[in-house]
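The values are calculated or read from the model by the stated rules, or taken from the named source; none is laboratory data. In this text the structure is predicted, and so the values were computed from the model without any measurement. When we count neighbours, we look across all protein chains shown, and the Cβ atoms used for this are built from the backbone with ideal geometry, even at glycine.
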Amino acid sequence: MKIFRFIALIIIIWCILATGCVGQIKHETNETPNKTATPTNTFAPISNASNASNVSNITVTPGLKGPLRVTIGSWDADLPVTIDNTSVGMVTHNKPLDLMLEEGNHTVRVCAGTICLEEDVSIQFARQRLVDFEARLLNEVVFPQPTARIVSYYPSGDEFTVTVEFINPSAKDLTMSAQVQLSYTYIESRSNNRVGSGAQRIVTASVKSGTRVMQTVDLNLASGYSYVYSIPTMSGITSR
């Protein structure tokens, strides 16, 4: 009887040990050591793109308007302004044009004679927008008003030749004129004395809208020799 109890005890101990080993092995089996993890990118990609214009995609609310100021800086002219091909007024060098526009993207245009400049702008409620055309006018139009300038000159015996450029940036054809004058000294042939004198002449040209015309004029000098000339000048520039 004792022998049977002893055998039963051995069997129980063996079962307990076996159960512990299986549990340990089972615990090790559930582990996943040295497994390579695949990272997940949760950040949005970085973009180097930038929006340099005044136009952007905005949510437009019907009925809302935003302020716009159009200026031409020191440009000395009165220029018509259009918004989306609709005339809205005039802008001058000393008076900007202030407008209220519907929210959204618009095209602003000013015209100097035959040259028109455009800028796109995005209007938003209660947000001031400014469009300044001064730099582009100075670079692309150059002259705000009809004018004339001396581009070359040279002496030829008892004459002095001057070339005048007439410039018409306006929207209509013009007849333009200017007076060219020259101061000089020379030695008289009879007395051999150096004396001072001057010459002047009016030069005229027909200049179409948005164009330039070169006109040459000869100034007649007093008879003599050893002429000493000043730089020719202009005055009394007119256009009609």
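So, restricting to strands (runs of 3 or more DSSP E) that lie completely within the range 31-112, which ones have at least 2 residues that are more than 20 Å from the chain's Cα centre (by Cα) and at pLDDT 95 or above? Spell out how you get there, then give the answer.
Values: elements: 65-71, 79-83, 86-91, 97-102, 104-112.
Per the criteria, 65-71, 86-91, 97-102.
Residue check, Tyr153 against (1) assigned to a strand (DSSP E or B); (2) in the same structural domain as Arg69 (by TED's automatic domain parsing), all met but one. Which one?
Tyr153 satisfies all of (1) assigned to a strand (DSSP E or B); (2) in the same structural domain as Arg69 (by TED's automatic domain parsing) except (2).
So for the range 66-81 (the condition being among the hydrophobic types (A, V, I, L, M, F, W, C), surrounded by fewer than 17 Cβ atoms within 10 Å (Cβ to Cβ) and either over 23 Å from Lys208 (Cα atoms) or assigned by TED's automatic domain parsing to the domain that holds Val217 (or both)), does at least one residue qualify?
Residues of the range 66-81 that are among the hydrophobic types (A, V, I, L, M, F, W, C), as a first pass: 68, 70, 72, 75, 77, 79, 81.
Add one more test, that the residue is surrounded by fewer than 17 Cβ atoms within 10 Å (Cβ to Cβ), and what stays is none.
Scanning the range 66-81, I find no residue that is among the hydrophobic types (A, V, I, L, M, F, W, C), surrounded by fewer than 17 Cβ atoms within 10 Å (Cβ to Cβ) and either over 23 Å from Lys208 (Cα atoms) or assigned by TED's automatic domain parsing to the domain that holds Val217 (or both), so the answer is no.
Within the range 200-216, can you find the residues that are in contact (Cβ under 8 Å) with a residue 24 or more places away in the chain and surrounded by fewer than 18 Cβ atoms within 10 Å (Cβ to Cβ)? It would help to see each step written out before you state the result.
If we filter the range 200-216 for residues that are in contact (Cβ under 8 Å) with a residue 24 or more places away in the chain, which is where we start, we get 202-216.
Within the range 200-216, Ile202, Thr204, Ser206, Lys208, Ser209, Gly210, Thr211, Arg212, Val213, Met214, Thr216 qualify.
Exactly one condition in (1) surrounded by 12 or more Cβ atoms within 10 Å (Cβ to Cβ); (2) touching a residue at least 40 places away in the same chain (Cβ under 8 Å); (3) closer than 28 Å to Ser74 by Cβ is not met by Leu219; state its number.
All conditions pass for Leu219, except number (3).
Of Ser235, Ser197, which residue is small (Gly, Ala, Ser), under 37 Å from the mean Cα position of the chain (by Cα) and in a strand (DSSP E or B)? I'd like the intermediate steps shown before the answer.
Working: Ser197 fails: under 37 Å from the mean Cα position of the chain (by Cα).
The conditions single out Ser235.
So which pairs qualify, if the first residue must be in the range 72-90 and closer than 16 Å to Glu119 by Cβ, the second must be β-branched (Val, Ile, Thr) and assigned to a loop (DSSP other than H, G, I, E, B), the Cβ gap must be under 7 Å, and the two must be at least 6 apart or on different chains?
As it stands, the answer is Leu79/Ile72, since those pairs meet every condition given.
Restricting attention to the range 163-193, and to residues there that are within 13 Å of Ala205 (Cβ to Cβ) and in contact (Cβ under 8 Å) with a residue 60 or more places away in the chain, which single residue is surrounded by the most Cβ atoms within 10 Å (Cβ to Cβ)? Explain how you work it out, then say what you get.
Restricting attention to the range 163-193, the residues satisfying the condition of being within 13 Å of Ala205 (Cβ to Cβ) are 163-168, 173-178, 180.
Retained after the next criterion (residues that are in contact (Cβ under 8 Å) with a residue 60 or more places away in the chain): 164, 168, 174-178.
Details: Val164: 25, Asn168: 27, Leu174: 19, Thr175: 13, Met176: 22, Ser177: 18, Ala178: 23.
For the range 163-193, the residue satisfying everything is Asn168.
If I ask for residues that are touching a residue at least 40 places away in the same chain (Cβ under 8 Å) and basic (Lys, Arg), which ones from the range 129-162 would you list?
Arg129, Arg149
Please find, among Thr71, Thr114, the residue that is farther than 30 Å from Tyr184 by Cα, touching a helix residue (DSSP H, G or I) at 6+ places or on another chain (Cβ under 8 Å) and not small (Gly, Ala, Ser).
Numbers: Thr114 fails: touching a helix residue (DSSP H, G or I) at 6+ places or on another chain (Cβ under 8 Å).
The match here is Thr71.
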